Amino acid sequence: MSTLNNSTNIFWQECPVGKVERQKLLNQKGCVVWITGLSGSGKSTLACSLSRELHSKGKLSYILDGDNLRHGLNKDLGFKAEDRAENIRRVGEVAKLFSDAGLICIASLISPYRKDRDACRAMLPDASFIEVFMNMPLELCESRDAKGLYKLARAGKIKGFTGIDDPYERPLNCEIEIEQKDGVCPKPAALAGQVVSYLEEKGFLQVE
Ligand SMILES: Nc1ncnc2c1ncn2[C@@H]1O[C@H](COP(=O)(O)OS(=O)(=O)O)[C@@H](OP(=O)(O)O)[C@H]1O
Ligand SMILES: Nc1ncnc2c1ncn2[C@@H]1O[C@H](COP(=O)(O)OP(=O)(O)O)[C@@H](O)[C@H]1O
């Protein structure tokens, strides 16, 4: 059997400048804020608001948005379970690189399967994978229907749409859970503030 396409006979190349030095330069600690939830739950909105808030505090972040990455890196992938798994695996690997670079990497993907999210968590150093669950009811997401995709899914024009005829597995042990309060979704800036407070509390926004 040919091994032409396998990565064999490879060696790890050490680099002269390490993560600790990069973190010192940036005065922050690399981590991954992984935002998961249904389409329309507000993942991208939170990612943007968080990135803006961090920027205003002089902290370097970068957003990996599922929809955007599917225009390039992941354009060969669809929405069947194996494709979603590969999508999450690749984004997990890229997020790990950004985190190693010292950035606060904000990944915003439906990432519907628990084992795929957990595999990404396992790639990262302890406690530097912060899972944020957008726990918004399907009815709210569907009523927003910003892209008209729920309507198409209900009409059977999109098959395997998450929450309609494809599963979403809720996190069991996420670091942050975003919920409605008194039936109202808090403003994006307030949600971003909640995540920033967590990052501050855990020491990600400074280097001792
Ligand atoms: N079948 C199906 N199911 C769910 N979503 C669909 C589907 N087809 C297209 N879309 C659009 O793709 C966006 C989700 O991409 P992701 O890479 O985040 O998905 S996944 O994590 O691999 O499940 C998702 O973006 P968001 O609405 O921002 O979540 C949709 O715009
Ligand atoms: N916190 C919020 N409060 C009110 N509306 C929101 C909030 N977050 C997102 N939205 C709205 O919901 C819709 C879907 O948000 P989006 O961030 O695109 O979700 P997702 O990335 O999960 O698909 C958009 O029209 C957005 O303006």
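Nothing in this text is a laboratory measurement; each read-out follows from the coordinates by a stated rule. The model shown is predicted, which means the values in this text are computed figures rather than measured ones. Quick reminder, even Gly has a Cβ in these numbers, built from the backbone with ideal geometry, and neighbours come from all protein chains shown.
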Item checked: Charged-residue dipole, Cβ positions (Lys, Arg, Asp, Glu), the range 64-136 about Cα centre, Debye nearest 20 -> 140
Notebook entry, point to check: What do you get for Rg/Rh over the range 131-208 if you use C-alpha atoms and the Kirkwood form of Rh?
Noted result: 1.09
Notebook entry, point to check: What translational diffusion coefficient, in µm²/s and rounded to a whole number, does the Stokes-Einstein relation yield for the chain at 20 °C and a viscosity of 1.002 mPa s, taking the hydrodynamic radius as the Kirkwood radius over Cα pairs?
Noted result: 118
Checklist line | Residue among LEU138, PRO112, ALA155 farthest towards the positive dipole end of the range 103-159, charges placed on Cβ | finding: ALA155
Note to self: Quick test of the membrane-span-like rule: which DSSP H helices of the chain reach at least 15 Å along their long axis (C-alpha atoms) with mean Kyte hydropathy at least -1.0?
What the structure shows: 43-56, 81-100, 188-201
Next item on the list: Tell me the label-point distance for the pair SER143, TYR62, using the 7 Å Cα-to-Cβ offset, in nm and rounded to one decimal.
Entry: 3.8
Note to self: Which one, GLY40, GLY18, HIS71, projects farthest toward the positive side of the charge dipole computed for the range 1-154 from Cβ point charges (K/R +1, D/E -1)?
What the structure shows: GLY40
Note to self: Assuming a strict under-21 Å limit between Cα atoms, what lysine pair count do you get for the range 61-208 once near-sequence pairs (fewer than 8 apart, same chain) are dropped?
What the structure shows: 15
